[in-house]
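Read the structure below first, then the notes.
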């Protein structure tokens, strides 16, 4: 063993990495913490006698725990949209776990979590552990009960989903991305004046009936009215990130790493936001091509 005698203290030295792995595998901070705790219980029962690489051994254990949880989700045919909270946090001053999860989601990338959630459990494990945490395919093969070559294919397929299948579009100038980034920043910060400044005076927002929900779709007209509506979503905005939506820059909201809704933008000739479409209809969301936008 390269980390000294096995103990809770040794495990604690690896907790942050294990939590990072579990969060990217599961997309939920509470589930990730549960997975790390289960990893400790399994590792403690097994003992580490003869283990030369404690970090790799623990990463393999947490990967197996997360894989089992993801497969259990699939067996239950879990629909994450039905389980999502209407408003995961209520305002910028809230502390505690929601605030920590929002910060963590932002650091990982909300859109990346959305795309990872669309992968199969095996693809997600192969991509996360190999591409993000440099675990060799030879070590992943027994975990997935496949050959190293087959695991390599899983990671490659997942990588294509994360990076997008085609070239980046030429239809979104840099200023449009900056406008969407500024819209998100102003919404998170509750900056009404900044929001109004980004919107065309005659901006129109359409929200489908699943967003609130309401019996009928909602249409809101005017910069001030749309900005006030965005201010009411300050808490939700902390679980929102930039992505390419069918090739155009937009926003995805994904509490606990699971896609809840998207915002698609259209722009006037002067660059102001003239249209916003908010979509929560799960059938429409399922057809969207979503690609994380790198910084």
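The values are calculated or read from the model by the stated rules, or taken from the named source; none is laboratory data. These numbers were taken from a predicted model, which means no experiment stands behind them. For neighbour counting, all protein chains shown are included, and Cβ atoms are generated from backbone atoms with ideal geometry for every residue, glycine included.
Would you confirm whether any residue within the range 29-37 is closer than 30 Å to residue 283 by Cβ and at pLDDT below 90?
Applying the first criterion (closer than 30 Å to residue 283 by Cβ) to the range 29-37 yields 29-32.
From what's left, at pLDDT below 90: none.
There is no residue in the range 29-37 that is closer than 30 Å to residue 283 by Cβ and at pLDDT below 90.
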Quick check on my filter: what residues within the range 180-197 are surrounded by fewer than 22 Cβ atoms within 10 Å (Cβ to Cβ) and either closer than 16 Å to residue 240 by Cα or in contact with a strand residue (DSSP E or B) (Cβ under 9 Å, 6 or more places away or on another chain) (or both)? 181, 182, 184, 185, 188, 189, 190
Run down 284, 238 and say which single residue is under 30 Å from residue 20 (Cα atoms) and either touching a strand residue (DSSP E or B) at 6+ places or on another chain (Cβ under 9 Å) or touching a residue at least 12 places away in the same chain (Cβ under 8 Å) (or both). 238
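Collect the residues in the range 121-154 that are outside any helix (DSSP H, G or I) and in contact (Cβ under 8 Å) with a residue 24 or more places away in the chain, keeping them in residue-number order.
Looking only at the range 121-154, we keep the residues that are outside any helix (DSSP H, G or I), and these are 133-136, 145-147.
Those that are outside any helix (DSSP H, G or I) and in contact (Cβ under 8 Å) with a residue 24 or more places away in the chain: 133, 135, 146.
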